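Participant: Quick one: this structure, given as structure tokens, is what I'll be asking you about.
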Amino acid sequence: MSLKQNLHNLKEKYKGTKMAPAFNAIHTFLYLPNEVTHGGTHIKAADDLKRTMNIVIMSLIPCLLFGMFNAGYQHYAAIERAQGITSEFTVLGSFLTWDNLWIGIIKVLPLVIVSYGVGLLVEFIFAVIKGHEVEEGYLVTGMLVPLIVPIDTPLWMLAVAVVFGVVIGKEVFGGTGMNILNPALTIRAFLFFAYPTWMSGDKVWVHDAVNRVGTADAISGETILGSYAQNQEVIYSTWDKFAGFIPGSVGETSTLLILLGAAFLIFTKIGSWRIIVSTFIGAAVMGLIFNQIVAAEIITDSSKFYGLMNTVWWEHLMIGGLAFGAVFMATDPVTASQTNKGKWIYGFLIGFISIMIRVFNPAYPEGVFLAILLMNVFAPTIDHYVVQGNVKRRLKRTKVKTA
Amino acid sequence: MGLLSKKDAVLLTDPLADNNPITIQVLGICSALAITAELKASIVMAISVMFVLGLGNVVISLMRNIIPSKIRIIVQLIVVATLVIIVDLVLKAFAYELSKTLSVFVGLIITNCIIMGRFEAFALGNGPWRSFLDGIGNAVGYGVILIIVGFFRELLGSGTLLGFKVLGDPIEKTGLYAIGYENNGFMLLSPMALIVVGIIIWIQRSKNKSLIEEN
């Protein structure tokens, strides 16, 4: 008897018991169940929840792999800089090396494993208690979480945050599809407010920088945003910023690969291009406004906001987590606006507020996750007014006709 | 409870769980969020409210037949304000540091919805002894939640309980901190108090299904 047949027999045996949902989850993850729909006509489409989730995960894989190499690259580059060595940068010679990948494997993979392990455990427990099937909702969240935390985040902190995010961010509202806030960002926000020393500053972004504080081997882990916020020179070229050879959270540095993922999501019609485009527009507009303020000399270089306000608007789109947030977080179909017009407003405000928080919060110069969480809360309101506006316009039209 | 008849005992026990002012009636939330970052402040707040509510209920109950109903709110406010000022002055005299932590929230006991709620709903229609029991019962129900929230917030947020370092010293890295544990700064912020209260409500309702309203 094949494994598949065995599993089906086991399923029949455990039917109706408490553990059934947990077992079914593993079973349907591996195989298509033998059950077929009974009676009636059903609309058939291939893009069920599981497939949607898998496509998003596939579009995240390049970012994850890049993040693993980048973890090692930033580590060794920071050491070289601290020792005063300058070496020629080549993608094959100094980026895609086994040494770099090894750092990625020992630092990034545990984050992924803890994120999935803890998150799915919580999902299993809730499925057993509530007696429903385990939902696929955590598959994407579990992949997003390791990509948006600093590399040296202690694993137990991540575990605590994942429990909080999944329970308070999602399960209390009724599970996948019912949540108001994006669970991955809830986890990120929890980490940020609970353990700020591990989530901000100039050390946590490069592996081992925290341990080396105060020793002779001290290295810097300053991000580009951090340098701008302190009015310091930025040592990275535009190409570095675009391709992602910069310090930052694990998977959000490479704008190039994120746009590749975005293209894949738009092509498969999983992600909304309206939200992605409008987020970038919103950020660009806010960046332009700040540039104009600097150009009008309202803010001069003595101000603490000068560094980030003076950043050219298109550079704002490449640095920090804006691109990652726009493509993978803002487009979450559950928490985003549903109407097309609403999506434009929603995305625009995310970008607009992101840059505003980024500039006005020099202690932690990044606000994409806060902006998206804020707009998650407002998304239903935006939809309401878009729908009501539409209703009013059409009512008016019928009145004119009848009059 | 030999002292109390069954009917009176209910006045004391009901607000502890099934009719808790915070978790069921959702009153007095503002102070529950504001002062529960430390266990000590929560306990002092609970005692203060117990004093004000217990005595206030008795006073209002004694005067219930002579208060014209048109100006009853004003009379109630005067009674609460008098009692709150007594509490405030006592705290300032004997626990000045604590009084500074509680700051404006002692004064704001006046606006604690539980107090006005009990005056209106109970003391105006019942005798002094029953009103006293009702006031104490509700204040204890309020205090229990405050102390539970304060316990978790101080333990997880600062690693202390009543000021004692129960989890070790975060700066010298002793106790739990030696193995990498860190305080959860989120616990010290008010939103976390709301979430803790929410979790208590959640647990209470899943234990006692009759509390869940039908939609």
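The values are calculated or read from the model by the stated rules, or taken from the named source; none is laboratory data. The structure displayed is predicted, hence computed values, not measured ones. Glycine gets a Cβ as well: all are built from the backbone with ideal geometry, and neighbour counts include every protein chain shown.
Participant: Any idea how many residues of region A:164-178 are among the aliphatic types (A, V, I, L, M), surrounded by fewer than 19 Cβ atoms within 10 Å (Cβ to Cβ) and more than 12 Å from chain B (Cβ to nearest Cβ)?
Facilitator: 1
Participant: Something else now. Considering only residues that are more than 13 Å from chain B (Cβ to nearest Cβ) and within 20 Å of A:Glu252 (Cα to Cα), which ones fall in region A:179-201?
Facilitator: Correct list: A:Asn182, A:Pro183, A:Ala184, A:Leu185, A:Gly201.
Participant: Being free of Cβ contacts under 8 Å to residues at least 60 places away in the same chain and either within 29 Å of A:Glu315 (Cβ to Cβ) or surrounded by fewer than 23 Cβ atoms within 10 Å (Cβ to Cβ) (or both) is the requirement here; does A:Ala371 meet it?
Facilitator: Judged against the criteria, A:Ala371 is a match.
Participant: A further question on this structure: All but one of (1) under 28 Å from B:Thr13 (Cα atoms); (2) touching a Leu at 6+ places or on another chain (Cβ under 8 Å); (3) at pLDDT below 90 hold for B:Gly157, so report the exception by its number.
Facilitator: (1)
Participant: Where residues in region A:74-130 are among the polar types (S, T, N, Q) and modelled with pLDDT under 90, which of them is surrounded by the fewest Cβ atoms within 10 Å (Cβ to Cβ)?
Facilitator: A:Thr86
Participant: Turning to a different aspect of this structure: Taking B:Phe164 and the conditions (1) exposed (fewer than 14 other Cβ atoms within 10 Å of the Cβ); (2) within 14 Å of chain A (Cβ to nearest Cβ), which numbered condition does it fall short on, given that it satisfies the others?
Facilitator: B:Phe164 satisfies all of (1) exposed (fewer than 14 other Cβ atoms within 10 Å of the Cβ); (2) within 14 Å of chain A (Cβ to nearest Cβ) except (2).
Participant: So in region A:179-222, with the set limited to residues that are in contact with a Lys or Arg (Cβ under 8 Å, 6 or more places away or on another chain) and surrounded by fewer than 20 Cβ atoms within 10 Å (Cβ to Cβ), which one is nearest to A:Gly321 (Cα to Cα)?
Facilitator: A:Ser220
Participant: Let me ask something else about it. Restricting to region A:149-163, give me the number of residues that are surrounded by fewer than 21 Cβ atoms within 10 Å (Cβ to Cβ), more than 10 Å from chain B (Cβ to nearest Cβ) and outside any helix (DSSP H, G or I).
Facilitator: 1
Participant: Also, quick follow-up: Answer yes if at least one residue in region B:171-187 is at pLDDT 85 or above and touching a strand residue (DSSP E or B) at 6+ places or on another chain (Cβ under 7 Å), and no otherwise.
Facilitator: Among the residues of region B:171-187, not one is at pLDDT 85 or above and touching a strand residue (DSSP E or B) at 6+ places or on another chain (Cβ under 7 Å), which makes the answer no.
Participant: Assess whether A:Val285 counts as being part of a helix (DSSP H, G or I) and surrounded by fewer than 17 Cβ atoms within 10 Å (Cβ to Cβ).
Facilitator: Spelling it out, A:Val285 is indeed part of a helix (DSSP H, G or I) and surrounded by fewer than 17 Cβ atoms within 10 Å (Cβ to Cβ).
Participant: Could we say that A:Tyr364 is in a loop (DSSP other than H, G, I, E, B) and surrounded by fewer than 20 Cβ atoms within 10 Å (Cβ to Cβ) here?
Facilitator: In short, yes.
Participant: Another question, if that's okay. Filter the helices (runs of 4 or more DSSP H) completely within region B:7-111 down to those with at least 3 residues that are touching a residue at least 40 places away in the same chain (Cβ under 8 Å), out of contact with any Gly (no Cβ under 8 Å at 6 or more places or on another chain) and of a type in the set (Gly, Ala, Ser).
Facilitator: It comes to B:29-34.
Participant: Go over the candidates B:Arg153, B:Arg205 one by one and state the one that is within 14 Å of chain A (Cβ to nearest Cβ), among the basic types (Lys, Arg), assigned to a helix (DSSP H, G or I) and under 30 Å from B:Asn57 (Cα atoms).
Facilitator: Exactly one residue qualifies, and that residue is B:Arg205.
Participant: Checking the structure you have, find out if any residue of region B:168-191 is under 14 Å from the mean Cα position of the chain (by Cα), aromatic (Phe, Trp, Tyr) and either surrounded by 15 or more Cβ atoms within 10 Å (Cβ to Cβ) or away from chain A (no Cβ under 14 Å) (or both).
Facilitator: no
Participant: Moving on to the next point. Can you find a residue in region A:74-81 that is among the hydroxyl-bearing types (Ser, Thr, Tyr) and in contact with a Phe, Trp or Tyr (Cβ under 8 Å, 6 or more places away or on another chain)?
Facilitator: no
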